[in-house]
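Undergrad: Below are the structure tokens for one structure; questions will follow.
The values are calculated or read from the model by the stated rules, or taken from the named source; none is laboratory data. If you're wondering where the values come from, they're calculated on a predicted model, not measured in any experiment. Don't worry about glycine lacking a Cβ; one is built from the backbone with ideal geometry, like all the others, and counts go over all protein chains shown.
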Amino acid sequence: MQGALSGSTVLSAARKVPAAKIQFLPEDRAWIAARIEEVLETGQLTLGKYGAEFEQQFARFCGTHHAVAVNSGTSALEIILRALQVAGKDVLVPTNTFFATAAAVVHAGGRPVLVDMDPESFGVRPEDLEHRLTPNTEGLIVVHIGGIVSRRMPELQEWAKRKGLWLVEDAAHAHGSGLNGTRAGCFGIASSFSFYPTKVMTAGEGGMIVTNDAHIAAEANIYRDQGKASFTQNAHVRMGANWRLSEPHAIIGLKHLERLPAMIADRQRIAALYDEGLAGMRHLDVVRIPHGGVSNYYKYLVVPKQLQDRKAFKALLRESYGVSLSGEVYEEPLHKQPVFAAYASGVLPVAGDYCARHLCLPVFSGMEDADAYHVIHALKEVIG
């Protein structure tokens, strides 16, 4: 395959396929603008009716009793961990995740214990959990990488229950994903979502805590507002922070939540074309959705069997074929990052291998079938 990097180019680079694209329809922009004008007129710019409606609608979408809107997915996870009182405790965290998953544990006063990844789902590898346990282990965080809920999720739930640990989901990638009829956000005691602009749905910025636990929801409402017992009183009962979500962000989130099923269907359409078009490629493995699973296809993951220089490979696709690949999930596991050196324990070989080799194909709402065919043909020419 590496020799193909210098091969002749048949396809034209005239067609440009971006890595990702945020879609707001003209009528949606008008709807958003009218309501932002309203809140600017009233002056109710935070913790108002649109934030409350966003919480209600998102809880209904996920199928949970409670949802608490905050200013980022990172904040959402840290608040959950503070409510669970992880200070001084160990928390099992996948090494293949974004910085924020482990950083939230540290900021909440806990110690992340890094776990190797499962090559099927890019999530937690169950076989690596047992020997990572310590007498001080309090819980397990699972991450639904790329919008894939692992087929082994029930196994992870059962293992955590058997060990007396709570399970929390970092569902930043997984709006609308699920397994066997259960949506992401409903597998653990609480879950965090992100509405960062790169996600399947966005609020511009923002995050959401979902849970069926009334105590966690009550604590989250306190922590997000500087630790105050009440919005109208300056009686601080927790060491909280300014983690509120503004009304303009909630308005944007409401409209994108309304569009979310259609946006997911768009991504699933492109994924189906990739599934068919890439089938039978001997030098490329596709990370498949498990039986009974539903993915929002935040990422479409493929793993070349040999890839010596991913940077050069991506540059070739971009410059010679007009195809831009999106960011990896993730290019460097946490145990190899300097900021988490103190928490690295032992070799985590699966993550080391797959993080270095995988690619994320373009997939976004509004993407045309012709774009997907162009990507497929480019990959076949380069990889063979």
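Undergrad: So Leu47 ticks every box in (1) at negative phi; (2) surrounded by fewer than 19 Cβ atoms within 10 Å (Cβ to Cβ) but one. Which box is left unticked?
TA: (1)
Undergrad: Hey, which of the strands (runs of 3 or more DSSP E) in the stretch 166-248, taking only ones fully inside, have at least 3 residues that are more than 13 Å from the chain's Cα centre (by Cα)?
TA: Of the strands (runs of 3 or more DSSP E) lying wholly inside the stretch 166-248, those with at least 3 residues that are more than 13 Å from the chain's Cα centre (by Cα) span 166-170, 207-211, 228-230, 233-236.
Undergrad: Can you name the condition, by its number, that Asn234 falls short on among (1) modelled with pLDDT of 95 or more; (2) out of contact with any Asp or Glu (no Cβ under 7 Å at 6 or more places or on another chain)?
TA: (1)
Undergrad: Could you go through the stretch 171-183 and let me know if any residue there is under 17 Å from Leu77 (Cβ atoms), surrounded by fewer than 23 Cβ atoms within 10 Å (Cβ to Cβ) and in the same structural domain as Ser72 (by TED's automatic domain parsing).
TA: Scanning the stretch 171-183, I find no residue that is under 17 Å from Leu77 (Cβ atoms), surrounded by fewer than 23 Cβ atoms within 10 Å (Cβ to Cβ) and in the same structural domain as Ser72 (by TED's automatic domain parsing), so the answer is no.
Undergrad: Just to be sure, is Gly352 farther than 25 Å from Met153 by Cβ and either touching a residue at least 12 places away in the same chain (Cβ under 8 Å) or in the same structural domain as Phe99 (by TED's automatic domain parsing) (or both)?
TA: Judged against the criteria, Gly352 is not a match.
Undergrad: Next question, about the same structure. Which condition number in (1) out of contact with any strand residue (DSSP E or B) (no Cβ under 9 Å at 6 or more places or on another chain); (2) under 22 Å from Val149 (Cα atoms) is the one that Met239 fails?
TA: The one condition Met239 does not meet is (2).
Undergrad: Which one is nearest to Gly352 (Cα to Cα) among residues in the stretch 296-310 that are among the basic types (Lys, Arg) and within 23 Å of the chain's Cα centre (by Cα)?
TA: Among those that are among the basic types (Lys, Arg) and within 23 Å of the chain's Cα centre (by Cα), it is Arg310.
Undergrad: Being more than 24 Å from His175 (Cβ to Cβ), modelled with pLDDT of 95 or more and small (Gly, Ala, Ser) narrows it down to one residue among Gly109, Gly147; which is it?
TA: Gly109
Undergrad: On to the next question. Considering only the stretch 90-102, state which residues are closer than 14 Å to Val143 by Cα and out of contact with any His (no Cβ under 6 Å at 6 or more places or on another chain).
TA: Scanning the stretch 90-102 gives Val91, Leu92, Val93, Pro94, Asn96, Thr97, Phe98, Phe99, Ala100, Thr101, Ala102.
Undergrad: Could you pull out the residue among Thr97, Thr137, Thr101, Thr74 that is of a type outside the set (A, V, I, L, M, F, W, C), surrounded by fewer than 20 Cβ atoms within 10 Å (Cβ to Cβ) and either free of Cβ contacts under 8 Å to residues at least 40 places away in the same chain or in contact with a helix residue (DSSP H, G or I) (Cβ under 8 Å, 6 or more places away or on another chain) (or both)?
TA: Among Thr97, Thr137, Thr101, Thr74, only Thr137 is of a type outside the set (A, V, I, L, M, F, W, C), surrounded by fewer than 20 Cβ atoms within 10 Å (Cβ to Cβ) and either free of Cβ contacts under 8 Å to residues at least 40 places away in the same chain or in contact with a helix residue (DSSP H, G or I) (Cβ under 8 Å, 6 or more places away or on another chain) (or both).
Undergrad: How many residues, within the stretch 336-356, are surrounded by 19 or more Cβ atoms within 10 Å (Cβ to Cβ) and more than 23 Å from Val287 (Cα to Cα)?
TA: Qualifying residue count, the stretch 336-356: 2.
Undergrad: Hey, another quick one. On the basis of being surrounded by fewer than 18 Cβ atoms within 10 Å (Cβ to Cβ), within 20 Å of the chain's Cα centre (by Cα), at pLDDT below 95 and not charged (D, E, K, R), does Gly327 make the cut?
TA: When the stated conditions are applied, Gly327 passes them.
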